[in-house]
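This report refers to the structure that appears directly beneath it.
Bear in mind these aren't lab numbers, they're just calculated from the coordinates by the rules spelled out. Quick caveat, the model's predicted, so the values are computed rather than measured. When we count neighbours, we look across all protein chains shown, and the Cβ atoms used for this are built from the backbone with ideal geometry, even at glycine.
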Amino acid sequence: MVSRTVIFTCDEALQMKAVAVLIQKASSFKSSIYLSRSGRRANAKSLLGVMSLGIENQTEIEVSADGDDQQAALDSLVECLENPGVL
Amino acid sequence: MPIASCYLSEIVKAFDLEVLYSPGNLDQIRINVADVTRPGLQLAGYFDHFGPDRIQLIGNMEHAYLDKLSTEIRRKRLNALFGKGIPCLILTRNHEPHPELIPCAKRKKIPILRTKQATSEFMSSLVKHLNVELAPRISMHGVLVEVNGEGILILGESGVGKSETALEIVKRGHRLIADDQVEIRRVSETTLLGRAPDIIRHLIEIRGIGIMDVKELFGVSSVKMQENIDFVINLELWDEKKSYDRLGINEETTDILGIPVPSITIPVGPGRNLAIIVEAAAINYRVKKMGHNAAKSLIDRVFPGGGSLSLF
């Protein structure tokens, strides 16, 4: 299992879209991917799960991935959380 | 696991307590233990084994005892109690505070609250409330539904069909508690309580349709706020190499917060109607709980001489 902590940086207008893109990205990997925020953990492939974390701009999020393509999954999601505007 | 705590302001709201004195930080005072003390011995001056992190209750007896003390001693004892740094003091039965009580509390910045309820009654509901709020908790990726009175937690990989199953279960007249994310608390040594995070309560996500509000679509009778978790169903994609339970003799359990919950694993394959299978599993579990095991009676019929279960 690999994990990394990142700060989600995103202006408000993009937030919903950023989350939607994030989930699609996560779903394209085989590994199980989890996001945690202040002790609460959600499956990154589940829209409602990620929504329930209440991720806002400048929130600290821990991404962890476990499976065959864990490193690629982690890199891709970290990129997605740090620069959501690029997508 | 995060350490659970509960703020005093939440307790004031939950029990509709009257605030007689507040140092202005009720929303910052954390209660970390579910025990509540009636400080009879402490008012008599005995402080060995005292738990200063507990909520203190002054009921009829403590109030009458304080009445008997002289003003000077009363002030001294109250100062000693407040000096321990207790989170708050609650007067029950709408008792009038003694004249020294509020000034002493102000000096040490200890909140004084009041309720109309009788002490024992209030104490038991407060302890029950704290036990739920302070219970160890975990959030799990799954769906929680209530089928014929049994709380069924459906677990499985993303995309295996949990939400679709939940939708059909709701359509068949049962209730949804949480989709996607279930917050589970261990409220006692044997009980797990599940509910949805506030933000996504009673919403369900179906791929291709999007987010739906089950309460709006199917009415309040189709949803529930919380439910005990009685049974776990693990959904997994059908694996040709794996053998699945055919008789129903194996007693499988899934560990959640240290409590073993009876569980089964259902393979998902094309053409399987999962909602009916989940419903049947729930009813079968109920029957087993009430003492009838269909698989065991089949074995009794096949081997009337007393066949051994270990054969299987």
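Per DSSP helix of 4 or more residues, -39500 (n - 2.57); summed, then divided by the residues of chain B. What does that give at 222 nm, rounded to the nearest 500?
Working: 10 runs with 95 residues, N = 312.
So the helix-based figure for chain B works out to -9000 deg cm²/dmol.
Please figure out what share of the DSSP beta bridges in the range A:2-82 is antiparallel and state it in percent, rounded to the nearest 5. Please list the in-between numbers first.
Details: 16 of 16 bridges.
Antiparallel: roughly 100 percent of the beta bridges in the range A:2-82.
Need one value for A:49-59: mean number of C-beta atoms belonging to other chains within 10 Å of its residues' C-beta atoms.
Values: counts 12, 3, 8, 13, 5, 4, 0, 0, 0, 0, 0.
The shielding value for this peptide is 4.
When chain B is treated as a Gaussian network with alpha carbon springs shorter than 10 Å, the biggest mean-square fluctuation among B:TYR46, B:TYR285, B:TYR21 belongs to B:TYR46.
Peptide B:275-287: average number of partner chain Cβ atoms within 10 Å per residue? Intermediate results must be reported in sequence, preceding the final value.
On the way: counts 0, 0, 0, 0, 0, 0, 0, 0, 0, 0, 0, 0, 0.
Mean partner shielding for this stretch: 0.
Counts of other chain beta carbons within 10 angstrom of each beta carbon in peptide B:135-147 average 2.
Electrostatic bookkeeping for B:LEU235 treats Lys and Arg as +1 and Asp and Glu as -1; over the other residues with beta carbon under 9 Å from its beta carbon, the sum is -1.
Projected onto their three principal axes, the Cα atoms of the range B:215-271 cover extents of 43, 34, 19 Å, largest first.
As a rough guide to protection, the peptides B:140-150, B:84-94 ranked by mean Cβ packing within 10 Å, highest first, stand as B:140-150, B:84-94.
Think of the protein assembly as shown as having a plus end and a minus end, set by charges on the Cβ of Lys, Arg, Asp and Glu; of B:SER9, B:VAL214, B:ILE55, B:ILE55 sits farthest toward the positive end of this dipole. The Cα-based radius of gyration of chain B, divided by its Kirkwood radius, gives an Rg/Rh of 1.14.
Just to be sure I understand: of the beta bridges DSSP finds with both ends in the range B:184-282, what percent are antiparallel, rounded to 5? The antiparallel fraction comes to roughly 70 percent.
Sorted on the mean count of surrounding Cβ atoms within 10 Å across their residues, most packed first, peptides B:290-298, B:168-176 read B:168-176, B:290-298. When only alpha carbons of the range A:2-82 are considered, Rg and Dmax amount to 11.2, 35 Å.
Dipole of chain B computed with +1 at Lys/Arg Cβ and -1 at Asp/Glu Cβ about the Cα centre; of B:ILE277, B:TRP238, B:HIS292, farthest Cα towards the positive end is B:HIS292.
Over all directions, average the projected area of the Cα convex hull of the range B:158-312 and note it in nm².
Hull-based average projected area comes out at 11.5 nm².
Both radii were evaluated on the Cα set of the protein assembly as shown; the Rg over Rh quotient, with Rh as the Kirkwood radius, amounts to 1.08. In this structure, the pairs whose alpha-carbon distance is over 28 Å, taken from B:LYS68/B:LYS106; A:LYS25/B:LYS162; B:LYS171/B:LYS242; B:LYS128/B:LYS288, are B:LYS171/B:LYS242; B:LYS128/B:LYS288.
On the basis of the beta-carbon distance and an R0 of 41 Å, A:GLN15 and B:LYS128 show a calculated FRET efficiency of 0.60. Shape summary of the range B:21-133, radius of gyration then Dmax from alpha carbon positions: 13.2, 40 Å.
Roughly how many debye, to the nearest 20, is the charge dipole of the protein assembly as shown about its Cα centre, given +1 on each Lys and Arg Cβ, -1 on each Asp and Glu Cβ, and no other charges? Mind showing how you got there, number by number?
Details: 47 positive and 49 negative charges, 287 e Å.
The calculated dipole for the protein assembly as shown is roughly 1380 debye.
Looking at the protein assembly as shown, the DSSP beta bridges with both ends there are about 70 percent antiparallel. When each of the peptides A:35-44, B:35-44, B:267-276 is scored by the mean number of other C-beta atoms lying within 10 Å of its residues, the order from highest to lowest reads A:35-44, B:35-44, B:267-276. What you get for chain B, charging only the Cβ of Lys and Arg (+1) and of Asp and Glu (-1), is a dipole of about 1060 debye around the Cα centre.
Angle of helix A:70-82 to the longest C-alpha principal axis of chain A, folded into 0 to 90 degrees and rounded to 10: 10°. Between the listed residues A:ALA65, A:LEU48, A:THR9, the Cα displaced farthest toward the positive end of the dipole of the range A:2-82, a dipole computed from Cβ unit charges relative to the Cα centre, is found at A:LEU48. Principal-axis analysis of the Cα atoms of chain B puts helix B:162-171 at an angle of about 90° to the longest axis. Say R0 is 30 Å: what FRET efficiency, to the nearest 0.05, do B:ILE276 and A:MET1 get from their beta-carbon distance? Once rounded, the FRET efficiency stands at 0.25. In this calculation the C-beta distance from B:TYR244 to B:PHE303 is compared with R0 = 30 Å, giving a FRET efficiency of 0.85.
Report the local net charge at B:LEU176: Lys and Arg +1, Asp and Glu -1, summed over other residues whose C-beta lies under 13 Å from its C-beta.
On the way: positive: B:LYS162, B:LYS171, B:ARG172, B:ARG175, B:ARG195, B:ARG201, B:LYS215, B:LYS224; negative: B:GLU146, B:GLU164, B:GLU168, B:ASP179, B:ASP180, B:GLU205, B:ASP213, B:GLU216, B:GLU227.
Neighbour charge sum, excluding B:LEU176 itself: -1.
How big, in percent, is the set of alpha carbon pairs in the range B:225-311 lying more than 14 Å apart? More than 14 Å apart: 72 percent of the Cα pairs in the range B:225-311. For B:VAL268, the residues 5 or more places off, or on other chains, whose built amide H falls under 5 Å of its own are B:GLU236, B:LEU237, B:TRP238. Taking the Cα centre of the range A:2-82 as origin and assigning +1 to Lys and Arg Cβ atoms and -1 to Asp and Glu Cβ atoms, the resulting dipole is close to 300 debye.
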